[in-house]
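As C-alpha cells, the structure follows; a few thoughts come after it.
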Amino acid sequence: MHSEIERALRPELSAGEKLLWSGQPRRGLRLRPTDALLIPFSLMWGGFAIFWELSVLQSGAPFFFRLWGIPFVLVGLYLIAGRFFTDTWQRAGTYYGITNERVLIVSGVFQRQVKSLALRNLSEVTLSERGDRSGSITFGVVPPMYGWLAGSGWPGTGKQLPPSFDLIENARQVHAQLQTAQRALQAVGA
C-alpha cells in the first residue's frame, strides 16, 4: 500500500525534493461528529419523502405529482446511505505527503487535483487527535460555522474548508514530523 501512495505522489515532486512522510486517510465507513445530527435528519427526510412518494403513487395522483417527489426521495437516499459511499470513495483516492519543501494533497475522483502548500508559508496548523491516535491536521483557519461541514459528505462542502490531512494514523507523529521539516527549512533559510 505504501508504494501505491508514493507512486501517486512521486510525479508531483520537484528535482531535489524528498518525500519525508506519505499516507492516506483511513479507509472504510467512518462516522464523524456531524453524523450525530445528520443521521436522524437523513432518516426523517428520507422517511418522509418515501412515505409521501408512495402515498402519491397509490392515490393515483396526476403525473406531475408523481415526478415531484422523486428528487426528494433521491436526496433522502443520498443522505441516508450515499454520502457514506461517496466519502469512502473519495478517501480511497486521496494521498498525503510531506516533503522537505511542502505539504502535498493529491485527490480527485474524476479529475486529479493537487494541493501544494509551502512549509515556509504554513502559519496555522491544527492537530485534532482521537483516542486511538488517529486524527486530522488542518492547514489554516476553519471559518466559523463551517466546521460542521467537515465530513458531512455533501458534495462541494470540502471546498469551503482549509486543506487538511483527514483521518490519518498516528496524527501526533505526523504533526511532529511536519514541525521538524518546518524547523529544518527555517534553519537553512536563516
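Throughout, read-outs are computed from the coordinates displayed, never taken from laboratory work. Quick caveat: nothing in here was measured; it's all calculated off a predicted structure. Note that each Cβ is placed from the backbone with ideal geometry, even for glycine, and that neighbours are counted across all protein chains shown.
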### Task
Would you be so kind as to identify all helices of the chain, as entire DSSP H runs, whose Cα atoms reach 30 Å or more along the helix's own axis and whose mean Kyte-Doolittle hydropathy is at least 0.0?
35-59
### Gln113/Ala36 FRET efficiency (R0 25 Å; Cβ-Cβ; nearest 0.05)
0.25
### Query
D for the range 1-94, whole µm²/s, Stokes-Einstein with Kirkwood Rh over alpha-carbon pairs at 25 °C and 0.890 mPa s: what number?
147 µm²/s
### Message
As an exercise, use a Förster radius of 22 Å and the Cβ-Cβ distance of Arg26 and Ser3 to find the FRET efficiency, rounded to the nearest 0.05.
### Response
0.75
### Message
Counting other C-beta atoms within 10 Å, and keeping those with at most 16, which DSSP coil GluC sites (Glu not before Pro) do you find in the range 1-106?
### Response
Glu17
### Task
Would you work out the charge dipole size for the chain about its Cα centre, treating the Cβ of every Lys and Arg as +1 and the Cβ of every Asp and Glu as -1, and quote it to the nearest 20 debye?
180 debye
## Note on the structure
Relative to the compact-globule estimate 2.2 N^0.38 Å (N residues), the Cα gyration radius of the chain stands at a ratio of 1.29
### Query
By what distance, in whole Å, do the Cα atoms of the range 35-87 stretch along each of the three principal axes, largest value first?
37, 18, 11
### Query
Hey, rough spin-label estimate for Lys18 and Phe64, points 7 angstrom out along Cα→Cβ, what's it come to in nanometres?
7.0 nm
